[in-house]
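Colleague: I'd like to ask some things about the structure below.
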Amino acid sequence: MSTQTMKAVRLHAFGGPDVLRYEDAPMPAPGPGEVLVRVHAAGVNPPDWYLRDGYRTLPPDWRPAVSLPAIPGSDVSGVVAAVAADVRDFAVGDAVFGMLRFPSFGDSAAYAEYVAAPATDLAHKPAGIDHVTAAAAPMAALTAWQFLVDPGHAQPNPFQAHPHRPLPLAGRTVLVNGAAGGVGHLAVQLAKREGARVIAVASGGHGAFLRAIGADAHIDYTQDDPAAVRGVDLVLDTVGGPAASRFLPTLAPGGALYLVYPLGFAGHEQARELGVTVSAAQVRSNGAQLAQIARLLEDGTLRVAIDSTFALADAASAHARAARGHLRGKIVLAVS
């Protein structure tokens, strides 16, 4: 391989996992404020398959223009290979991780051997975890953090007119739907750290795992209806969509329903009648917040579960695994 090219996963057309091609691609160069990262691992997230599919699940006027070929992916862990002259916080040889340029839709390019990364999107990788674990963390951990702890920005909210404001959790009861997934299992741990009693909703095989990471109770949705619970202060629904309105009656007056995927939700009038808040947030890259999360990963307060690991060349298989659902934690691509 010449110094001008690298291996990457690209799509030249939209479609299923089979459109992902492992091939030569131009080597990026860091621009102002950026570092070049030699990628050791890349996390796999829902926006990656939204891009691969041409954003067909989004309303037509929300679909961003994407130039093809495109390299998917935003979550990376690796080692700094070069830095722009104006970068002060990182040096060649530093181990780093981050969620890059999100939500830029199609410009992140993490499924590759190298990526040019904004320094402000990165944090130093915790020494106590490997690159696969670090690559699994950024989007899921930042989503849970920005929903439950601190949004970390004042950007307009694309999902609602008002900004998202996290509810104080100390002494509250929090129900997490989709608790075994990427965002869900980290939200369980963050809610416990913030002093909440946590009810975790996931299929029966995840019960022991969820209790081990701090859940006070587990509801197997294949056996019991989680919407039958009453008196909950906060529901974080990591699944979201039209079915999320079923959780409104679970909430105590003054409670809140947070939707990680708010599109299709139609329960706003019912929420007003019940005296509860419905809110959503757009996760955004934030290296400073990721540095806080890194400390929790280092000391074991947060544990990241790995569902499965695939070679970069097998990205199509990784997306096929994601499509089968029922994940425990995250899927990661290892870059040799």
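Colleague: Got at least one residue in region 58-69 being closer than 27 Å to Gly287 by Cα, in the same structural domain as Arg88 (by TED's automatic domain parsing) and buried (at least 22 other Cβ atoms within 10 Å of the Cβ)?
Modeller: No.
Colleague: Sort through Val183, Val149, Val235 and tell me the only one that's in contact with a strand residue (DSSP E or B) (Cβ under 7 Å, 6 or more places away or on another chain) and at negative phi.
Modeller: So the residue among Val183, Val149, Val235 that is in contact with a strand residue (DSSP E or B) (Cβ under 7 Å, 6 or more places away or on another chain) and at negative phi is Val235.
Colleague: I would also like to ask the following. Just to be sure, is Gly240 more than 24 Å from the chain's Cα centre (by Cα) and surrounded by fewer than 23 Cβ atoms within 10 Å (Cβ to Cβ)?
Modeller: In short, no.
Colleague: Let me ask something else about it. When Ala123 is evaluated against the numbered criteria (1) over 25 Å from Ala200 (Cβ atoms); (2) in contact (Cβ under 8 Å) with a residue 24 or more places away in the chain; (3) part of a loop (DSSP other than H, G, I, E, B); (4) among the hydrophobic types (A, V, I, L, M, F, W, C), which criterion, by number, is the only one it fails?
Modeller: (3)
Colleague: Name the single residue that is nearest to the chain's Cα centre (by Cα) among those in region 213-236 being under 14 Å from Val198 (Cβ atoms) and in a strand (DSSP E or B).
Modeller: The residue in question is Leu236.
Colleague: Can you tell me which condition Pro151 does not meet? The list is (1) in a loop (DSSP other than H, G, I, E, B); (2) in the same structural domain as Leu236 (by TED's automatic domain parsing), and all the others hold.
Modeller: (2)
Colleague: Now, a different point. Determine which single condition Thr5 fails, assuming it passes every other condition in (1) closer than 28 Å to Ile129 by Cα; (2) among the hydroxyl-bearing types (Ser, Thr, Tyr); (3) surrounded by fewer than 15 Cβ atoms within 10 Å (Cβ to Cβ).
Modeller: Looking at each condition in turn, Thr5 falls short on (1).
The values are calculated or read from the model by the stated rules, or taken from the named source; none is laboratory data. The shown structure was predicted, so the numbers you read here are calculated from the model rather than taken from an experiment. As a convention, Cβ positions derive from the backbone with ideal geometry for all residues, glycine included, and neighbour counts pool all protein chains shown.
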